[in-house]
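The values are calculated or read from the model by the stated rules, or taken from the named source; none is laboratory data. This structure is a prediction, so every number in the text was calculated from the model and none was measured. Quick reminder, even Gly has a Cβ in these numbers, built from the backbone with ideal geometry, and neighbours come from all protein chains shown. Heavy atoms of the whole protein, side chains included, go into the accessibility calculation; ligands, DNA and RNA do not. Shrake-Rupley method; radii C 1.70, N 1.55, O 1.52, S 1.80 Å.
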Amino acid sequence: MTIYISGGSNSLLKGGWVHRLRDRLPEDQEIVNISIGAAPSQMGAFRCLHTIDLKPGDTVIWEYGVNDANHIDARGYTNPELRKAVEWTMRHCRDRQARFAALIFQPRNREKRGRLTAYRKMLHRICEKHGVGFFDVPQAFLDQNPGSTRIPLRYFRDNAHYRTGDELMNLIVDGALQLLETARIPGESVETGAGELKIYADFQGAEDELFENRAIRLTTWRPGPEGLIGRFEGKGRIVGLVMTSTQNGGVFELRIGDIAMRLCASYREKDFNKTLVKFVSIPMLLGEDIHFEAGETISISYADTAEHMFADYRFKKKVGAEEIEGREAGIVAVLTEE
């Protein structure tokens, strides 16, 4: 049995909860960390469905609470859209007869409010609906510290990260160990109206190349002069794009039928310019869905201008000639709901 950790940067920190969890499990227990920082639950669904081979008896521990909350607060992501991403991961676990459990964190700015947010309530409901375990860290802290109204801010390194050197880490690891006992294969449940998550990762009109770092190995596609082309198998809507990006990633122009939009592919990080794997939500940026018919095509090319450009969370809202001409970003996949 393999344990997969699917979360954000809190699951990647040196000396963090995943490191401590390894120390408390048998040496022969395989743990594979598929976490991606600064990305929402759609990235977790992509990683679980496309980049690993889940087998019966495996376990997925989901940890995207901080990232989802930040995407809600900064870019207007919605609970229903994020719920679908979590449930797509659950559905895949069910299909593969793998177990699932949720480890729920939240960022410092939400912790300051000292109340159970609508987003966390939603996570509780869908875990209960599917019969899987969850461990809500803010709630567990209050249970262990009667009279407290929130996790003290000294336990946070910044808005998005817990400190790794205090007793809160022990609480989190205790919770993760509980989840390994309470994780279950997600059960059949009343459908929420969500379609099937489809992942398109093979295109025409583009050069493919291998991207690899310590965390991930992917094929990425650089649009040629006429742009890369993909064709949809069924009728549905665009969920978003997975891409490789740098500070000089450029700008992508996406076209489906008569609809065209420009997307920033240059991320915003101070003093950091390694290639990152990023997710961009089309409906969250546009404020509406882009629908397509079976057999319709999508075209993605590098744009020569940033006019009317949309920028997702932690992407540059303004780019100059250097970023536009850089064109260092590549397309990994187009995610759809069909």
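Mind listing just one residue for me: the one in region 314-329 that is under 12 Å from S245 (Cβ atoms) and small (G, A, S) and, of those, surrounded by the most Cβ atoms within 10 Å (Cβ to Cβ)?
Applying the filter and picking the extreme gives A329.
Which of the helices (runs of 4 or more DSSP H) contained wholly in region 27-135 include at least 1 residues that are polar (S, T, N, Q), open to solvent by less than 10 Å² (accessible area, probe 1.4 Å) and more than 25 Å from I151 (Cα to Cα)?
On the way: elements: 41-46, 65-75, 79-96, 108-111, 118-130.
Those helices (runs of 4 or more DSSP H) span 41-46, 79-96.
Residue check: is T149 open to solvent by 50 Å² or more (accessible area, probe 1.4 Å), out of contact with any strand residue (DSSP E or B) (no Cβ under 6 Å at 6 or more places or on another chain), β-branched (V, I, T) and part of a loop (DSSP other than H, G, I, E, B)? Walk me through it before giving the result.
Details: open to solvent by 50 Å² or more (accessible area, probe 1.4 Å): yes; out of contact with any strand residue (DSSP E or B) (no Cβ under 6 Å at 6 or more places or on another chain): yes; β-branched (V, I, T): yes; part of a loop (DSSP other than H, G, I, E, B): yes.
It is true that T149 is open to solvent by 50 Å² or more (accessible area, probe 1.4 Å), out of contact with any strand residue (DSSP E or B) (no Cβ under 6 Å at 6 or more places or on another chain), β-branched (V, I, T) and part of a loop (DSSP other than H, G, I, E, B).
Of the conditions (1) within 15 Å of A38 (Cα to Cα); (2) touching a residue at least 24 places away in the same chain (Cβ under 8 Å), K270 clears all except one; give me its number.
K270 satisfies every listed condition except (2).
Condition first: open to solvent by 30 Å² or more (accessible area, probe 1.4 Å), touching a Pro at 6+ places or on another chain (Cβ under 9 Å) and within 16 Å of R255 (Cα to Cα). Now tell me which residues in region 202-213 satisfy that.
Scanning region 202-213 gives a single hit, G205.
Examine region 86-98 for a residue that is of a type in the set (A, V, I, L, M), closer than 18 Å to T182 by Cα and touching a His at 6+ places or on another chain (Cβ under 7 Å), and state whether such a residue exists.
Our first condition is that a residue be of a type in the set (A, V, I, L, M); within region 86-98, this holds for 86, 90, 98.
Next, only the ones that are closer than 18 Å to T182 by Cα stay: 86, 90, 98.
Among the residues that remain, those that are also touching a His at 6+ places or on another chain (Cβ under 7 Å) are: 90.
Checking region 86-98: at least one residue is of a type in the set (A, V, I, L, M), closer than 18 Å to T182 by Cα and touching a His at 6+ places or on another chain (Cβ under 7 Å).
Take the conditions small (G, A, S) and within 15 Å of the chain's Cα centre (by Cα) and apply them to A101. Does it pass?
Numbers: small (G, A, S): yes; within 15 Å of the chain's Cα centre (by Cα): no.
No: the conditions fail for A101.
For residues that are touching a helix residue (DSSP H, G or I) at 6+ places or on another chain (Cβ under 6 Å), within 19 Å of L123 (Cβ to Cβ) and either at pLDDT below 95 or among the β-branched types (V, I, T) (or both), tally how many sit in region 156-184.
1
Scan region 225-243 and tell me whether some residue there is over 24 Å from D289 (Cβ atoms) and surrounded by 14 or more Cβ atoms within 10 Å (Cβ to Cβ). Spell out how you get there, then give the answer.
Quick first cut of region 225-243, residues over 24 Å from D289 (Cβ atoms) only: 225-226.
Filter once more, keeping what is surrounded by 14 or more Cβ atoms within 10 Å (Cβ to Cβ): none.
The answer is no; no qualifying residue exists.
Could you check T192 against (1) open to solvent by less than 50 Å² (accessible area, probe 1.4 Å); (2) modelled with pLDDT under 95; (3) under 20 Å from G44 (Cα atoms) and say which number it fails?
(1)
Scan region 244-254 for residues that are open to solvent by 10 Å² or more (accessible area, probe 1.4 Å) and more than 15 Å from S281 (Cα to Cα) and report the count.
Taking region 244-254 as the starting set, the residues that turn out to be open to solvent by 10 Å² or more (accessible area, probe 1.4 Å) are 247-248, 253.
Then keep just the ones that are more than 15 Å from S281 (Cα to Cα); that gives 247-248.
Of the residues in region 244-254, 2 are open to solvent by 10 Å² or more (accessible area, probe 1.4 Å) and more than 15 Å from S281 (Cα to Cα).
Yes/no matrix, rows are residues, columns are (1) surrounded by fewer than 12 Cβ atoms within 10 Å (Cβ to Cβ); (2) within 25 Å of A311 (Cβ to Cβ); (3) in contact (Cβ under 8 Å) with a residue 12 or more places away in the chain:
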site: Q144; (1), (2), (3): yes, no, yes
site: R157; (1), (2), (3): no, no, no
site: L180; (1), (2), (3): no, no, yes
site: A183; (1), (2), (3): no, no, yes
site: W221; (1), (2), (3): no, yes, yes
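Limited to region 128-159, what total is found for residues that are under 29 Å from G187 (Cβ atoms), out of contact with any Lys or Arg (no Cβ under 6 Å at 6 or more places or on another chain) and small (G, A, S)?
Residues in region 128-159 being under 29 Å from G187 (Cβ atoms), out of contact with any Lys or Arg (no Cβ under 6 Å at 6 or more places or on another chain) and small (G, A, S): 2 in total.
Among the strands (runs of 3 or more DSSP E) confined wholly to region 196-297, which include 2 or more residues that are farther than 28 Å from P80 by Cβ, modelled with pLDDT of 95 or more and not charged (D, E, K, R)? It would help to see each step written out before you state the result.
On the way: elements: 197-200, 206-212, 217-223, 228-231, 236-245, 251-256, 259-264, 276-281.
Those strands (runs of 3 or more DSSP E) span 206-212, 217-223, 228-231.
For A303, only one of the following conditions fails: (1) open to solvent by less than 50 Å² (accessible area, probe 1.4 Å); (2) closer than 25 Å to T51 by Cα. What is its number?
Condition (2) is where A303 drops out.
What pairs come out if I take residues in region 294-320 that are within 21 Å of P225 (Cβ to Cβ) and among the polar types (S, T, N, Q) and pair them with residues that are in a loop (DSSP other than H, G, I, E, B) and open to solvent by less than 50 Å² (accessible area, probe 1.4 Å) whose C-beta lies under 6 Å away, six or more apart or interchain?
From region 294-320, the pairs are S299/G227; S301/G227.
Can you tell me which of I216, I199 is of a type outside the set (D, E, K, R), touching a His at 6+ places or on another chain (Cβ under 7 Å), open to solvent by less than 50 Å² (accessible area, probe 1.4 Å) and closer than 28 Å to L241 by Cβ?
On the way: I216 fails: touching a His at 6+ places or on another chain (Cβ under 7 Å).
The match here is I199.
Inspect region 109-128 for any residue being in contact with a Cys (Cβ under 7 Å, 6 or more places away or on another chain) and under 22 Å from A38 (Cβ atoms) and give the result as yes or no. Steps first, please.
Taking region 109-128 and keeping what is in contact with a Cys (Cβ under 7 Å, 6 or more places away or on another chain), we get none.
Checked region 109-128: no residue is in contact with a Cys (Cβ under 7 Å, 6 or more places away or on another chain) and under 22 Å from A38 (Cβ atoms).
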